[in-house]
Amino acid sequence: LPRSPPPSPSPPPPSPPPPPVPRPPLPRSPPPSPPPYPAGFEPPAPPPPPPPVAGRAVDGYLAGCEVFVDLDGDGTAGRNEPTAVTDRLGGFVLPQTNAWNKKEQIAVSTSTPGCVDTFTNAAPGMLHLSSAEPVGPDATFANVMVTPLTTVAAALARNAGVDPSDAMAIVATALGLDSSIDIARVDPLALASTGGGAELVVATSSVANLVSTLSALLTHACGGDAAKAERFVVNAVADKMYSSEVTDGKRRRLRETSHVDLGSAATVSALAVDSIDGAVAGGAIAPSTTVSADAIAAVAEVSSGSARVLKQIAIDSGDTDPMAVVRSAASVTAVMQGPGVKGAISEVASVGSDPRTCAGFATLTELKEPARMISAVNVAERSLPAIEVAQAPPPPPPPTPPNAPGVSTVAAASEAALHVDLGDDDEAVSAAKSAPSFGVVVGVVVGAVVFVSCASAMCRGRRGGSQGYEVDAKGRRVIGRRDAGAPVVFTPAFRAEPLGVRGWSTS
């Protein structure tokens, strides 16, 4: 019989089912939007950032130098102080914050590596410079100049307690400058390149050379601290210009300022002595330490002679080339702030009571002769680097946007009154007590009705006999009523200066 076929093999066991694919989580619905604000009660837009501070550092243009906002007044860039580095034409732009309090000045430190004076391509003659005016919010600071003249003006304002604008006027008049020139805003090199302002270039360079030479004279006596020696020299120059002011009456009211002649050896000698006296009084020089009278006389002759030569070749020569003034200033700077003159001064200051036997004294004696000084300046001019002059000020800060439509300007007057400007419809609200200023001020305009809160307790006011408001005893809020009877609550949102407020807030 035929054999039956073998049984078929059993099918393979089924594959295990694939693991379930997790479903992606369902997206969460966004939180509900806050209800829209009623018309007329929208929150104000955030205030724009304060404009930056733009300017230039100038003796020659100071390139690659550290510039900062001296918030604490110590003359050193701190961790939290805005800092920048000047460009090849001394330009800088610093961010501004609302933390500034209008007392800070722009400072330039030339001791940082890579900082050079473009007149000489060498380290600048002054170690520290500052702007003439303090900076802060609520103002536009475009084209701020930091120069030897603004540095002296800042020292004068600080030491004599005068307004910065008065200090600048005193410095400008003492140096014989045109009263129309604003030393805090005008670039002396750019002005000279257009055919004007030769006197400003000469004054700027002469002051820088004077500070450089007298600082070299004092550094040894100040224990080798050149920065400290420079501060005493700048203070002495500022005090000299302030003492040249002629006043009228018991109150110090500026009538005129006599000229301070930096081309006079007697003037420079007196400034050197005043610098030394200031250093002794400040404890930087021991009373037993002296600077030789011969050294003082030699330095005074060279410094004053360089100022006379600069005036002669830059102003009195009649050269019609506008850049001739700039080249002349650069040439004299190269001589007076160069290693030859500064090395000679340091030597005569350190040899003791009789410097006449040292080589440095012979160098200074030779340079005090006008012909030798002019010859040295001509040699320096042939080796000057190419001088580039800025043709325009640094970029100005962006314009401040206008006030939002419908928002009135509120001024908190120092005579204990708030004046609310509503165009043709004015209202004055007086405090119950006389107050020197107001602190927190908030408000909103609803049609023709104004609600205001001030820091003086129990400010009360009424307009038109029907619409009024009331401030609580702490001056923290105002509860008023609109025509429809709905309550409106206002809460403090910002600080106000005595002469203005910067915004409105409602809740």
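Yes/no per residue for (1) open to solvent by less than 40 Å² (accessible area, probe 1.4 Å); (2) closer than 15 Å to Q312 by Cα:
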position: R327; (1), (2): no, yes
position: S331; (1), (2): yes, yes
position: Q337; (1), (2): yes, no
position: K342; (1), (2): no, no
position: T357; (1), (2): no, no
position: S383; (1), (2): no, no
position: E388; (1), (2): no, no
position: Q391; (1), (2): no, no
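Please state which one of I296, I315 is more than 19 Å from L218 (Cβ to Cβ), in a helix (DSSP H, G or I) and open to solvent by 10 Å² or more (accessible area, probe 1.4 Å).
Working: I296 fails: more than 19 Å from L218 (Cβ to Cβ).
One residue alone meets the criteria, I315.
Please identify the pairs in which a residue from segment 370-382 that is touching a residue at least 12 places away in the same chain (Cβ under 8 Å) has its Cβ atom under 6 Å from the Cβ atom of a residue that is buried (at least 20 other Cβ atoms within 10 Å of the Cβ) and among the polar types (S, T, N, Q), counting only partners at least 6 apart or on another chain.
Every condition considered, the pairs that remain are V377/S331; A380/S331; E381/S331.
Could you please give the count of residues in segment 172-195 that are touching a strand residue (DSSP E or B) at 6+ places or on another chain (Cβ under 9 Å) and either of a type in the set (A, V, I, L, M) or outside any loop (DSSP other than H, G, I, E, B) (or both)? Can you show your working first?
Keep residues of segment 172-195 that are touching a strand residue (DSSP E or B) at 6+ places or on another chain (Cβ under 9 Å), which gives 172-174, 182-190.
Okay, now just the ones that are also either of a type in the set (A, V, I, L, M) or outside any loop (DSSP other than H, G, I, E, B) (or both), so 172-174, 183-184, 186, 188-190.
Count: 9.
If you take the residues in segment 246-281 that are of a type outside the set (S, T, Y), more than 26 Å from I315 (Cα to Cα) and in a strand (DSSP E or B), which one is modelled with the highest pLDDT?
Looking at the filtered set, the residue picked out is V246.
Can you find, within segment 226-245, the residue that is least open to solvent (accessible area, probe 1.4 Å) among those that are at pLDDT below 95 and polar (S, T, N, Q)?
Among residues in segment 226-245 that are at pLDDT below 95 and polar (S, T, N, Q), the one least open to solvent (accessible area, probe 1.4 Å) is S244.
Within the group D182, D178, D187, which residue is open to solvent by 30 Å² or more (accessible area, probe 1.4 Å) and under 21 Å from the mean Cα position of the chain (by Cα)? First the steps, then the outcome.
Working: D178 fails: under 21 Å from the mean Cα position of the chain (by Cα); D187 fails: open to solvent by 30 Å² or more (accessible area, probe 1.4 Å).
After applying the criteria, what remains is D182.
Could you check, for segment 42-57, whether at least one of its residues is in contact with a Cys (Cβ under 9 Å, 6 or more places away or on another chain), open to solvent by less than 80 Å² (accessible area, probe 1.4 Å) and in contact (Cβ under 8 Å) with a residue 60 or more places away in the chain? Steps first, please.
Kept after step one, since they are in contact with a Cys (Cβ under 9 Å, 6 or more places away or on another chain), are these residues of segment 42-57: 57.
In the following step, the residues that additionally are open to solvent by less than 80 Å² (accessible area, probe 1.4 Å) were identified as 57.
From what's left, in contact (Cβ under 8 Å) with a residue 60 or more places away in the chain: 57.
For segment 42-57, residues in contact with a Cys (Cβ under 9 Å, 6 or more places away or on another chain), open to solvent by less than 80 Å² (accessible area, probe 1.4 Å) and in contact (Cβ under 8 Å) with a residue 60 or more places away in the chain: present.
Give me the residue from segment 149-189 that is without any contact (Cβ under 8 Å) to a residue 12 or more places away in the chain and among the charged types (D, E, K, R) and, out of that set, nearest to G263 (Cα to Cα).
R158
When both residues are 6+ apart or on different chains and their Cβ atoms are under 8 Å apart, which pairs have a first residue that lies in segment 203-225 and is farther than 14 Å from V299 by Cα and at pLDDT below 95, and a second that is among the charged types (D, E, K, R) and assigned to a helix (DSSP H, G or I)?
Pairs found: C222/K228.
Can you confirm whether segment 301-310 contains a residue that is farther than 24 Å from S383 by Cβ and either surrounded by fewer than 19 Cβ atoms within 10 Å (Cβ to Cβ) or of a type in the set (A, V, I, L, M, F, W, C) (or both)?
To start, the set of residues in segment 301-310 that are farther than 24 Å from S383 by Cβ comprises 301, 304.
Right, trim to either surrounded by fewer than 19 Cβ atoms within 10 Å (Cβ to Cβ) or of a type in the set (A, V, I, L, M, F, W, C) (or both) and you get 301.
There is at least one residue in segment 301-310 that is farther than 24 Å from S383 by Cβ and either surrounded by fewer than 19 Cβ atoms within 10 Å (Cβ to Cβ) or of a type in the set (A, V, I, L, M, F, W, C) (or both).
The values are calculated or read from the model by the stated rules, or taken from the named source; none is laboratory data. Since this is a predicted model, take the numbers as computed values, not measurements. When we count neighbours, we look across all protein chains shown, and the Cβ atoms used for this are built from the backbone with ideal geometry, even at glycine. Quick note on the areas: whole protein, heavy atoms, side chains included, nothing else; ligands and nucleic acids left out. Shrake-Rupley method; radii C 1.70, N 1.55, O 1.52, S 1.80 Å.
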